[in-house]
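Participant: Supplied in structure tokens, the structure appears directly below.
Derivation of every value follows stated rules applied to the coordinates shown; laboratory data play no part. Note that this is a predicted model, so its numbers are computed, not measured. Backbone-built Cβ (ideal geometry, glycine too); neighbour counts: all protein chains shown.
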Amino acid sequence: MVNKKLKVAVIGDGISALSLLERLGKDEGLRSKVDLTWIAAPQKAPGCSYHSTALITDHGIDPSFGGLGSHLLEALEMSFGWDFLNEAPGVYEAEHWAIDDGTDSFARRYGRGHPECEHFLFERPLSCRKARAKLIDVRVFLPALKKRVEQLWHCDVKNELVFNFDGQNLSTDQGIHQIDYVFWCTGAGVTKPQSFLQHPRASRLKRVEGLAYHFKIPEWTSKNFALTLGRVNIISRAGDVFVGGTTQNETARIPDARKLSEQLKGLSEFGVRMSEFKNRIPLFWGGPRQKGQKKKFLIEALNEKEFAVLGTYKNGYSLSQLGAFKAHTWLLEKLY
């Protein structure tokens, strides 16, 4: 058991870092034994968490998929049971509708034999798999979670560029912090530590771009749902409507009117009413993500001194809870 306070650094201020800090902060016994340094780490690109459509759903999660599915289900249950998420502003209860398009891809992911359903956007009943979902307005939710963290820890986040950690000293552009343990929750836009670069799975994490088109439809203020047809999503959250959400492999992406037109046409041809989108000018909504091979994330200790919550990709708003749980358990082992 450690008698002195542990000097702990958390690097990041997105959903993974905030979830970890909130979980650690709720543990009063642990909190009293930790001297926290919290560094946002200025990013080279907009943060993943702040440019996400933030859909939490169990659609397409197969527990038999190489062990990854069971982790995703565990993370999902943790998210649905997260007290703060169930009470915070900017969170909407919804359903996720996956439309059976007759492809083998749909059958592998969702199975067959789903009932025909009616929806106000369907021109006719369509075979769908429905599941529970939560939709998060990140512009409201993340500031509320950050405020909660600040109240728990009575500290402010530092904006410093992190260079390296040698096991004792965390070097930044503002100087050197003496640190016992570091948690890296830095997403796709930040230079990674040497310990990360030496990890066997580091080369398999890559930056990809998310792409969606954002519409304001006041008539849909009371309509909260997610609808998926193939690779195209429509997410409606209190009048904020997103179309797209596909991942691009390019390092940079600009809005493409032709791509949007193709997506809307494909939905319309399948029987999804797209007249609501006519004569509306969308905004571009997207940002970098970090994706591992076969979507495999990196939530584990890098060594005896460092723990990573990285590569959570599209599931960041649920996997962040799994990351917080595992990181919390790891730190407790260091304390007791």
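Participant: How big is the Cα convex hull of the chain in projection, averaged over all directions, in nm²?
Facilitator: Here the figure is 17.4 nm², rounded to one decimal.
Participant: Strictly under 4.7 angstrom between C-beta atoms: which cysteines of the chain have no such partner?
Facilitator: Singleton cysteines: Cys48, Cys155, Cys185.
Participant: Among the DSSP beta bridges whose two residues both lie in the chain, what percent are antiparallel, rounded to the nearest 5?
Facilitator: Rounded to the nearest five, the antiparallel share is 75 percent.
Participant: Limiting things to C-alpha atoms, what are the Rg and the maximum Cα-Cα separation (Dmax) for segment 119-189, in angstroms?
Facilitator: In order Rg, Dmax, the Cα atoms of segment 119-189 give 21.4, 64 Å.
Participant: Determine, for Phe84, Phe120, Phe225, the number of other Cβ atoms within 10 Å of each Cβ, and report the residues in order from fewest to most.
Facilitator: Ranked by crowding around the Cβ, least crowded first: Phe120, Phe84, Phe225.
Participant: A follow-up question, please. Sort His51, His214 by Cβ crowding within 10 Å, fewest neighbours at the top.
Facilitator: In order of increasing Cβ crowding within 10 Å: His214, His51.
Participant: Quick one: Ile176, Ile281, Ile136, fewest Cβ neighbours within 10 Å first, how do they rank?
Facilitator: If I rank by nearby Cβ atoms, fewest first, I get Ile281, Ile176, Ile136.
Participant: Another question, then. Express in whole angstrom the spacing between the alpha-carbon centres of segment 68-132 and segment 268-336.
Facilitator: Centre-to-centre (Cα) distance: 17 Å.
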